Structures are given as C-alpha cells and as structure tokens.
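Chemist: Following this message is one structure expressed as structure tokens.
Since every read-out is calculated from the coordinates, none of them should be taken as a lab result. Computed from a predicted model, the values in this text were never measured in an experiment.
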Amino acid sequence: MRGLRTYPWRVIYVALLRGINVGGARKVPMVDLKRIFEQLSHSDVTTYINSGNVLFDSEERDEIALADRVEDALEKEFGFRPRVLVRTGADIRAIAEAIPGDWTNGPEMRADVVYLLDGVDAKKASSQLEPRDGIEHVLHAPGAFIWMVHRRDATRSRLVNMAGTPLYKQATVRNINTARKLATMVADRLG
C-alpha cells in the first residue's frame, strides 16, 4: 500500500452514513449532505452515490468527535439522527485491499463489506451471524469484515439475518464495488 500523504493540519477521511435513503425513508439529499460537511469546516467534500458516502479533509484528529458533530448537524437539519461512521482514508484503503481480487459483486457472486462502529470486534461480530461453512466466506480487516456468498446460495446466507440484531445498529454495509471505489477516490486525492 502506498503511504498516505498527510499534512500536519489535514487528514483525509471517509464518512459512512447508516440507514439513509433506503426505501424512500430518512431522505438526505447528497447536495445537502455536502453542504453540511462544508458548514462544519471540512474541505474538499465529495459525496459518492446516494447511500451516504462522503470523502473529505479535516483538521480534526478525533474520528468519534467528527462523527458526533456530523450526527448533530444532520439531526438539526433533517429531524432524525443517522449513525455516522468516520474512518481515515488509510483505514478505507486497508479494508479495500483486504478484499480478494477475485471477489466480485455481480451475477455469480455477492460480496459486501460490513464496516463496524468503533470498539466492535470484527471477528466476534461476524461469528455472531454464524456463517455457514462452504456457503459463506468471511475475512476480517481492522474495523470491518468482508462477507462473500455465491449468488446460487444467497438465500441461505446468514448475513441477511443481521437486520434486527444488536450488531445491525453497530454496522453499516457497502458492497465491495463501493468499498473499492471509495479506496480509489482516496488514492486519487493523494495523487
């Protein structure tokens, strides 16, 4: 992995919003999301697709404090408080690099990254879902686990059982195409 170019005053981050713009509920337009991040004094703010992915630079060094301020601003603006997970660009790249090159999200295979809130252990979290041997494949990266199932077995996947569990409120899921794209966007920003 190429080292991140950091400046003493700025860090590249990615914010992942949980549970917005799903099924027409909890709508957060990306133009408004970008504006909120800019009002919070973050720079080079870019959103990616409608599921709430934001790439930005900040002087702040505390990811939890960053997430709290974003959650506060979203609640003030929209009247609900989505969970926000903030990771450094280096973290996002490390997670994407842990995805095997032959894992895809397409007609043959489905693969997702389950990003975890701070303090949630990836191995313990994924084991709570009891992945099925020979059907589901799970890899771990700091702050996330990566879950793959062949499409023919998708209805037997235990990942769908995450909804309604305590783990569900401690995680946000992105398909591996999105995970890889976010890592590429971080790399592109580094030049």
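Chemist: Explain nothing, just compute: Karplus ³J(HN,Hα) = 6.51 cos²θ - 1.76 cosθ + 1.60, θ = phi - 60°, for every residue of region 175-186 in order, whole Hz, x for Gly and Pro.
Modeler: 6, 5, 4, 5, 4, 5, 5, 4, 5, 5, 5, 4
Chemist: Return the aspartates and glutamates within reach of Lys34: Cα separation strictly under 14 angstrom, same-chain partners fewer than 8 residues apart disregarded; answer none if there are no such residues.
Modeler: The qualifying aspartates and glutamates are Asp44, Asp57, Glu71, Glu77.
Chemist: Given springs between every Cα pair under 10 Å in a Gaussian network model of the chain, which of Arg156, Arg87, Arg18 has the largest fluctuation?
Modeler: Comparing Arg156, Arg87, Arg18 in a Gaussian network model of the chain, the most mobile one is Arg156.
Chemist: How big is the C-alpha Rg of the chain next to the rule-of-thumb value 2.2 N^0.38 Å, as a ratio? Mind dumping the intermediate values first?
Modeler: Details: Rg = 16.5 Å, N = 191, 2.2 N^0.38 = 16.2 Å.
Relative to the rule-of-thumb radius for its length, the chain sits at 1.02.
Chemist: Over the Cα atoms of region 88-137, each weighted equally, I'd like the Debye log10 I(q)/I(0) at q = 0.18, 0.23 Å⁻¹, rounded to two decimals.
Modeler: -0.75, -1.12
Chemist: Further question on the same structure: Under the rule of -39500 (n - 2.57) per DSSP H run of 4 or more residues, summed and divided by the residues of the chain, what mean residue ellipticity at 222 nm is obtained, to the nearest 500 deg cm²/dmol? Could you put the intermediate results ahead of the total?
Modeler: On the way: 5 runs with 57 residues, N = 191.
After summing the helix terms and dividing by residue count, I get -9000 deg cm²/dmol.
Chemist: Reachable lysines from Lys169, Cα under 16 Å, same-chain residues fewer than 8 places away excluded?
Modeler: Excluding near neighbours in sequence, the set is Lys124.
Chemist: Taking a cut-off of 16 Å between Cα atoms, list the lysines near Lys181, but don't count ones fewer than 8 places away on the same chain.
Modeler: By straight Cα distance, Lys181 reaches no lysines at all.
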